[in-house]
Every structure is written in C-alpha cells, then in structure tokens.
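Participant: Structure provided below as structure tokens; questions to follow.
We did not get these values from a lab; they are worked out from the coordinates using the rules stated. These figures come from a predicted structure and were not determined experimentally. Glycine gets a Cβ as well: all are built from the backbone with ideal geometry, and neighbour counts include every protein chain shown.
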Amino acid sequence: MTSSRPDTSARPGLTRKSFLQLSAGATAALAAASALPPRAAAAPAAPAAPSAGDLVFPGNDGRAHTVTWDDRSFRVDGERLLIFSGEIHHWRVPAPAQWRGLLQVLRAAGFNAVSFYFFWGLHQSEQGGPFDFSGIRDLDLLLTMAEEEGLYVIARPGPYVNAEISMGGLPAYMTKREAGLRSTDPENLADSLAWLSAINEIIAKHQVTDGGGSVLMYQVENELIAEDPARSEFLRTLADHVRTTGITVPLFHNDYNLGGRFADVEAHHLDFYAYDHYPLGFNAAGARAVIGESEAQYREISPDSPQFITESQGGAFTPWGAQFDATKAYEFTDPAFTRQWGVRNLGNGVTAFNYYMAFGGTNWGWTGSPSSGFTSYDYGAAITEDRALTEKLAVQKEVGALQQAVPQIASMTPVAAPAVAELEGGAVRAYQRIAIDGEASATDDGAPRLLAFRLADSNDETDTRFTTAIVLGDPGDAPEEGPTVDDRDAAITYEGAWEQVEDATASGATLTRTTTAGARATWTFTGTGVDVITATGTDHGTARVLVDGTEHGTFTSHVDTEQNKPAQVVSYEVRDLSGGEHTITIEATGEPADGGTGTVVTLDAFDLPGTGGDGGTDIPEGVTGWARVPQQEGEFLRLHGRDALALVADAVIGGHGLLYSTLAPFGPTLSRRGGHLQHLIGHEDDPAELVLRYAAEPSVTAPAVVATTWDEAAGQLRLNLRPGASPLQIDITGTPLTSDGPGAESLLALRVLGRRAAATTWLLPAGEGEHVAIEGAPLARTARLERAHAELVLGTTERAEVRIDAPDRIRQVRVGGRSHPAHDGIAELTLPAAPTPAVPDLHLRMAEEAPEVEPGYDDSGWTPADSTAGSTRFQGPGRGGVVLDCNHYGFHEGSIWYRARFTAGEGRELVLRGNGGTGQPAQGKAPAFGQVWADGAYVGAFPANGADQTLTLPDGVAAPGEETVLAVVVHTLGQNLDWSDDGLSKQNRGLFDAVLPADGPIAWRIRGAGAVDPERTLYNVGGLHGERHGWHLPEHDDAEWEEAATLVADAPGIRWYRARFTLSTPDGVDVGRRLALRSPRFEDGRTDHCQAVLYVNGWNTGVYIGDIGPQSEFTIPAGFLEPNGKNTLALWVAAKEAGAGPESIELVTAFSRTGAAVER
C-alpha cells in the first residue's frame, strides 16, 4: 500500500496558493477526475491577510516539548494547560480555505485546541489500494493550518471513529468481511494497522513532542462498547502499533459516558483515561435529561489523571424522518444549557474538554450514516452548517475567557461548597475549588478560588435569588467536598431485599439496588432539605418518597437508552422543611416507569444541599471572609432559571488583589496605559459586587452608576454596580496588597460587560503575549501588530460601531483595507454593512432517465448476481437462493440497479425485500425506497426497510409463459455506522431477497456506480444512468435537453434537471448559500412522494426525500461553488407517482458577512 501527498504544483489550472484559497475567492472545486478537462484557472489570489500565525506557542515554535499530567491537569514543559477545544470534521467542510476560517473563529472565541476525527474510508476506496491525502483530504495542510492559527490538536484517527459517518469511518470495502471489523481478525487488523501507518506518517510530522507542530495527544479507537479480553487485546495491539509509527505524544481511548472501561491504561498500553459525556441525550424532541455531577465518579475510576471530556455535548444529531430539524437540536442544547454545562464542568474539575461539535457541517454525498443522520450535520452546534455564528458560541466564548482569565483553575481541588442562604426560588447547586500550586493570592495566606452556582435541577426555569458566604484563608484549612452520606453509610437503614453492587460510575463506586416492591431505605438528618442521588437505567422503575412518615411524592430514574446515560443524578429533591431533624424513606413500588418494563430502584447517596435559611456562616478570627455576599443590603445573587454563575475569589489581577467578584473575569489581563485592563462579565441589570484589597484608599474613576465603599480597617474597596447594554469603565489607581506584599501604585482598569455586549467582544491574540480587545464586532478573526500599526480582520452583516483597544504604542488600525487613527491604542470606527449579492434565478432543463427499465436494454456488461453465498451473514442469500446484496458485488453507494430475466408464471404478485439504510432511533424513520418496472411498465415503489414488500404486476405485462424483464432500482443512502459493534455497518444494501412469479430459473444482473471520481471520492455518486454518464458534472452538454418550469413529475420515474448560474461575490465578503426545494406537499404533512439528489458543480450536495424529511433546504459547502464565475446545478428526481416532486428549486442567501478568511 502507498501513501500519497498532494503535489499541488502539478495540479492543472491551480497554483498552490489558489488551491489553498479554494472557495475564498479563487475557485470552487477541483476537477472531477484526471480524465476530465480541467476547470478554469483561478482568479489572482487576494493579498495575504493577517493571521494568528504570529502567535508563537509550543505548537509552532519548532522546539520539542514534554507533555505530562497529574490528577489536576495536563502540562506542557511543566506549565499547566487548560484544554478548551472544539470538534471540527474537515470532510464536512470540504474546502481548505474554510478550514482556516473555522480555525480562526475558534481561536478568536477563546479556544486553544481543536479536535479532528479522521475518516479512513475517505482516503482509501479499495482493499489494498493507495491512501489518498490530496485535495479535500490534505491532512498535512489541515494540521499545518491548526498550528499556524495557534491551536493544539487532538488527533483522533480511529480506525473506527463513529461520528455518524459511513461505516463509522471504516472503508466501504469492509462491508464484505464476516469477522468483527474492530477486532484482531488478521485481515481486518492488517488493514487497520495499514491505515494507522499511513496517517501517522502525517501526524508524526506535527507533534508537540518532536517540535513539528501542535498535535498534543492521540486517541486510539473510539467508544469500544465493552471491556472484554478480545477488545482489550485489540486496543493494546493498536496502541502498540501506533507507538512504532513515530507517535510520541500521549495516547488515550475515549470511553463512553464515564463507564470506567479500559481505565487500567497501563494494561492497555495507553497513557491516561478519558471519556465522553452527553448529559441531555440525543432526542431533541424529548425532554432534556438532568445534568448530574462527575468528579467523585471520575476519581473512583481514574484518581491520577486529569478529568478530560473528549466529547462534551455541544449539540445533538438529527435522524431521517424526525419531526424536527437541526434548529430543534440547537434549542435542545441551547445557550442556557451551554452556560450550565460549561460552569458545571469547571465546578467538577474538568480541566480538558472538547465540544462535540463546534461546527457540524454537511454529510455531502453518501458520507453520512443513514442510521443516524441525513445531509445536514448542523448538529445544533455553536457555528451553524452555513458557518453563521450563534449565541451559543458567545456562551462558549465566556467559558473560554474565564479560563484565560483564571489559569489557576488548572490546579484547583474541590472543597466544601459555599453556603446558600436567603434563598427564594429553586434549589441551588454550589461548587467551590481552590488552587493548590502556591499561586499568588489577594490574602496573605490564601489561594485563588472558583465558586460556581446553578440550579440543582438543570431544567428548572425558576428565577432564583440567594446569597452566599465566602471564607478565604489557607487552602489546607478548607473542608472537603462530597455527598453527605454514601449508600454504604451505617446511618442508612435498609429493609427488604437490597444488594450492594460495584459501579464505577457511582459515588464511592457502589450502589445499593433493589427490584422488590416494599423494599425501603431510610436516613435521619438535620436540615431543611435533602437530595436523593441515584443511578439511571433502561430497567429502572418507580419509587415512593416519605418524609417523616408522610407520603411526599414519587420518582423514577428510568432513561430510554443506555448510551451515555447519566450517573449520580439527583432523582428527587425535598425542600422547604422546617429546621430540625427529619427522616426520609425511599420505597420501591415494584412498578415500571412509563415506557419501561424494569422495576430497579437504586440509591447512590443522600445529600444535604444549600437550601436557604438566614445564613449563619461563621468567619473564624483572623480569617478574611464575609458571612453574606453580596454585602450590599437588599442585593442578591441571581440565577435566571437555566443559568449559571462563576465567581472568582482571592485572586490577583494585574498585580491587584481581588478578594472576590460576583462578575466573572473575561479574558486575560492586558497591559494598558501604564497599568492593566481586565474585562468582566455579568447578566444585564443584575447586581454585581467586587472587593479589592489596598494599602490605602485608592482613587476611583467610574460612572455615577458605580457605588464605591472604602473599609479603612480592612483595607477593602467595594464596588457595587449593574452591568448594562453598554460597557462600563472603572479606573482604580492605588497601592495594591497581595500575598506578595504591598505593590507599587498602579492603575487597574475594569471593563464591565453585559452578556449581550460580551457576545461582540473579542480578545484576539496578536503574538508575544499581546492581545487586541475589540468591542461591537459580530466577528473578529485575527490581529497582527507591527510596530505602531495593527491590522485586523473583522466581520459583520449589519452596520456596526466598533471600539478597538490595542497596546499603547499602536497609532493606526487597519480594517477592511481602510486605516483609522488610534490614540493610546484606542480606535473607534464603523464597520459598514455587508453588501447583499444578487441571487440568480435557476432556469431548468430536463431529460428523462432510466433506459435500464426497457426490456430490450443491453445489460450484458452488468455483473451477474449469481453468488450462492454472501460474504457475510447479512448478505443472504434469500429465498431465491442467490445473493442480491450490492456490497457483496462491490457496489457500495447510492442507487443500485437490478435486472431479472425469467419466464412468467401464473402469479401476479412479487415480493421484494431490500434495505437502503435502517437503524434510526425511535424519533426517526427508515427513509429509503426502491422502484420497480416490468417489461418497461411501472409497477410501483416500495420501502427499502429490510422487510418484505408485496407488489402486484400491472395488466398487460408478464403474461404466463412469456420472457419477462424486471428492472428494480434501490435508492440506498450509504452505509451505517456500528457503535454497538454488532454488525450494523454490514447491514444489507440494495435487494436482499426477491420472490418472483417465475416459471423456472431467474437470471439476475446488478450495476452500481462506475469508476471512482478521484477528487470527489466514491461517496459522490451512485449507479443511475445519468451519474455513470456524467450528467451531474459541469462539463456535460445539456443543450438538447428540454426546458422545464417545475420539478413535479407527470408520471412516476426518474428525471434529471440542470441549470447554469453565475455568481459575483465582493472581495472580502463571505456568503453562505443554500438550495431550497419548495413543495407544499412536503410542508403539509410530508406527502411529496419522491427523492431528489442535488449536485453543485459535480459535487453531491444534498438528498431530499419528500415523504420522510426533515430537510428541504441544503447548505452548499462553499468549496463547491465558484463565488465569482459560472456554476452548474444538476439534480435527479425519483418520483414514486405522478404529481410527486417539488414545485421549484431556488438559490437563497443564508448570510452575507464581511471579514472573509483568506489564505495567508
């Protein structure tokens, strides 16, 4: 086997630079195949733009570095590192220029890492064939861009990656393997090792540990379903091989849902344990699961490594047939959840996490798995499939900015949560962590702390107010954290049939469990509330809760799926009890939950949360603390339902001692105007309070809305304010006091932002530890500083007023080709609205398809379907005695044609069983179908859902005793993934079985896609006549085709349509474009009985199924288009009946935004 790297200098019609600028003003896509005429040469490249390439970090400084870790965080050269990463799949944005654009957005939003799955099947089309790393598969270029943009890389090459893609990333040819694909079977293992050898040639050149680039760590395989001897040996074998291929960064496996599988990393030849977690589940039409906790559970599993969530929920996939689209997935994992989840992770000691997904993208062609998705893989991510930025990204930016501001989070350990008092509203879950590396603090003997708060029920919408207490001091004196009593505690009494079971996901690694009606667990406590903490499961039933002998309510911890099920869940809360002693009892009812059959009830722990009262926290003598925060009388901390707060205490910012702040720090402290500048963020109009420590009363310059209070005896300055729509500036000049003693008199400027203002505030790295602060820009990409000049790439859709705060020496700021003066580094300017590009009309031409249905069609060149044994047990044969499965004959993608010749018998019915992609979750539907003709006459359409379908032959065909030709096309939708490792990816495709009214033998032939398009890959087309003859390609001559005013069919069958259109895109403008199919039958109950497959400049851009859905608008990946030039749309429509098909298709603009990314 060979591994190929692109030689772009030899690519016809494209220079190296224009290739890199693919889709960003140069050219839309590469030529379809070497045998096809090259497309027009690219326009001259735009001038180089600023990039974060000036940002020097261990991923691009050319020096070898060490990567180590302890139980708190990862380290590079001994320096702690908070890993804040987002997942992007390069093939789902098939344009290198857009790779850079997305990486720039991540870096600007505060991310310092990016995670990449790699898709083996995209690089190898046939067994023993070469590995292709050219064009949209240029992984060397991808990794180079990441290091240039200042991002560490988490490399995840599988071999199996899942990712809702074809075969979970494995190549399609493996559908013909009977043995387990993820196993030590010699043939399958040899191919897996060959893939790892090929890709590791590239990855090994980009490692932090060798000075080659920014690859920081490497994942081996993904989410293996169970730890057993066979899978353990498979994982060990892969890990051992990876180390022989030059990989020197740490290795890990991604365990699903913190299950403790493969936690013995030494036994599996790995370096540390990591896991993924999707706390809400994946059904965006269902109820959100409750967010639980993870730290105690994690420490039971992996006490010596940092908590790393390899996939941290950033959205949810949407299946074929769902009654909702990706918009619902976004609402399901909305900004409120994102804020809760981000703060919860910090509160639980997660110091490395990766949002899956940061950008979802497009399952173009047949790259997606039909069991879990359709064309759009928007995922409800923070950056939409169109590449628009959402409020969710703004919240992720808040989380990243907090970590930039307080890097000491990386060393923090949990201590007892702060008290919650004066509570009005929902029960509050509080967290407190304290740094343990001896970092400087505001107090003489303390350490920086993080305090965090959210509602205990993450789905509680109650507007809540409360106060807390903050007690600082020596970290060694802080009380430890944990539930009040674990299930093994002697204070809990059990009656009835209970058993204690080991469970690595539980607090203390045990649960107490029963299935017996009447079994009871009882605990007596002192307090005004109590939480019941349980496990969850598909077999869980219901339980009663009694308080002081009186019925209080019932609960269940039932979930619909074991995949990523939550653990340590607060399944029941008791609140508002009178002060004093109480007794809680949980009693198993022996009844299942709604939708379940099991009766399991578990107890993990009882916990006494902060539930209100009048405070009463004692501040020890000689310790700095406050029994009530906020101190301001009549003011409270607030949680707006599904919300979260992060407070910092005992920290040092810009040399000034910050005793506490109820505003969250936002981004790093910047050197400005002889002092320091710190941004802070809070909810608009909520009261905020900061306390700083000084040797003497400082000078404060602030708007009148800021109240200042000086406590001479304590040496404390208190600021009270409310963030508003516009930023507030507070300048403090004084002599700070910290654990390092008195400092020199200096300036600390505080820039207070409301959440909405923070959404358009960016702190761009500009090299050598410098940053540029931009306020008011919907998008900021990059900043470059050179002497007294700053050059920025900023973007907007609408007119925007922008304030830029650069280092003091900057006297001129250049944005969008225009220069603006700066005074002490500050410039104010207006970004003009983006121009709205013209949207051309689409004038269609049409041609009939499917000559294969004619009885006299010459099929002698087709493959005989005459095998009597399948390659796997999934392929047949069926009752007819021959294998019809298309994978068996090497046809893997798209539409598959069959022709059968037989002598007709007396019967008039035929039974077909086929499969184009099943296995969807309960909220989805099987989408695929087939169509049948007999002697050229249309018989009908049938669901290709793996079940028998009976059709009746029409009159006038297949007369008894006559030779009959049956033509069948099955519109398959790609190969399934196989998360459960049980063979789903080897599911039958095409026909499986056929029972025909034949008198005698039946001769079957099969045909699928032709030669693989070397640029667009085997996932681009199927086996329709038009696809095999290039009707989808721009070069095809459609001059003789008929004009068409609609896509509605006047008869069942298959038809092709084409349209040519010209685009004009202004320089520096990024335009998102879609194709919209308009059908009132689709909108009204999804009764448009057809399938349409769309091609843009030869690339398979979308699949519409009008009676399944949910998608009718299709993002055009920018790399498929010529933004300034001629483009071609082609599509085919398979109508199940007359009157099916959309009324029209339109090109629409999703957004127009300045600040487009261009190649450096």
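Participant: Sorting ASP444, ASP486, ASP386 on the 10 Å Cβ count, fewest up front, what's the list?
Facilitator: Ascending number of Cβ neighbours within 10 Å: ASP444, ASP386, ASP486.
Participant: Turning to a different aspect of this structure: Of ILE584, LEU1063, TYR857, which is farthest towards the positive pole of the chain's charge dipole, taken about the Cα centre with +1 and -1 on the beta-carbons of Lys, Arg and Asp, Glu respectively?
Facilitator: Checked the options; the winner is LEU1063.
Participant: Next question, about the same structure. Eight or more residues apart or on different chains, and alpha-carbon atoms under 20 Å: count the Lys pairs in the chain matching that.
Facilitator: Lysine pairs meeting both conditions in the chain amount to 5.
Participant: Please work out which option in (i) 12, 39, 35, 13, 2, 0; (ii) 9, 30, 33, 17, 7, 3, 0; (iii) 9, 23, 29, 23, 11, 5, 1, 0 gives P(r) over Cα pairs in 20 Å bins from 0, in percent calculated from these coordinates, and answer with its label.
Facilitator: Here P(r) over Cα pairs in 20 Å bins from 0, in percent agrees with entry (i).
Participant: Could you pull out the GluC sites (Glu not before Pro) across segment 846-943 that fall in loop regions by DSSP (anything but H, G, I, E, B) with no more than 14 other Cβ atoms inside 10 Å?
Facilitator: Numbers: sites: GLU848, GLU849, GLU852, GLU893, GLU906, GLU909; in loops: GLU849, GLU893, GLU906.
Taking segment 846-943 and a limit of 14 other Cβ atoms within 10 Å, the loop GluC sites (Glu not before Pro) found are GLU906.
Participant: Hey, another quick one. If neighbour count is taken as other Cβ atoms inside 10 Å, put THR796, THR836 in order from fewest to most.
Facilitator: Listed from fewest to most nearby Cβ atoms, that is THR836, THR796.
Participant: Between segment 690-744 and segment 974-1038, how many Å separate their Cα centres?
Facilitator: That distance is 70 Å.
Participant: Where does each of 99-109, 529-539 land if you order them by average Cβ count within 10 Å, highest first?
Facilitator: 99-109, 529-539
Participant: Another question, then. Test of understanding: ordering PHE453, PHE234 by Cβ neighbours within 10 Å, fewest first, what list do you get? Please report the intermediate quantities before stating the final value.
Facilitator: On the way: PHE453 26, PHE234 23.
Ranking PHE453, PHE234 by Cβ neighbours within 10 Å, fewest first, gives PHE234, PHE453.
Participant: On to the next question. Quick check: residue separation of ASP61 and GLU798 times 0.36 nm, minus the Cα distance between them. What number comes out in nm?
Facilitator: 261.5 nm
Participant: Which of the peptides 1062-1073, 926-937 is most tightly packed, and how do the rest follow, judged by the mean count of other Cβ atoms within 10 Å per residue?
Facilitator: 926-937, 1062-1073
Participant: For the ranges 989-998, 574-583, what's the packing order if you count other beta-carbon atoms within 10 Å of each residue, average per peptide, and put the highest first?
Facilitator: 989-998, 574-583
Participant: Taking Cα pairs under 8 Å and at least six residues apart, what relative contact order does segment 1041-1160 come out at, in percent?
Facilitator: Details: 267 pairs, mean separation 53.3, N = 120.
Reported as a whole number, the value is 44 percent.
Participant: Rounded, prolate or oblate, given the Cα gyration tensor of segment 593-679, with a/c below 1.5 counting as rounded? Let's see the in-between values first.
Facilitator: Values: a/c = 2.79, a/b = 1.78, b/c = 1.57.
Since a/c reaches 1.5 and a/b is larger than b/c, the shape of segment 593-679 is classed as prolate.
Participant: Also, quick follow-up: Between beta-carbons, use under 14 Å as the cut-off and find the net charge around VAL882, counting Lys and Arg +1, Asp and Glu -1.
Facilitator: Neighbourhood net charge equals +2.
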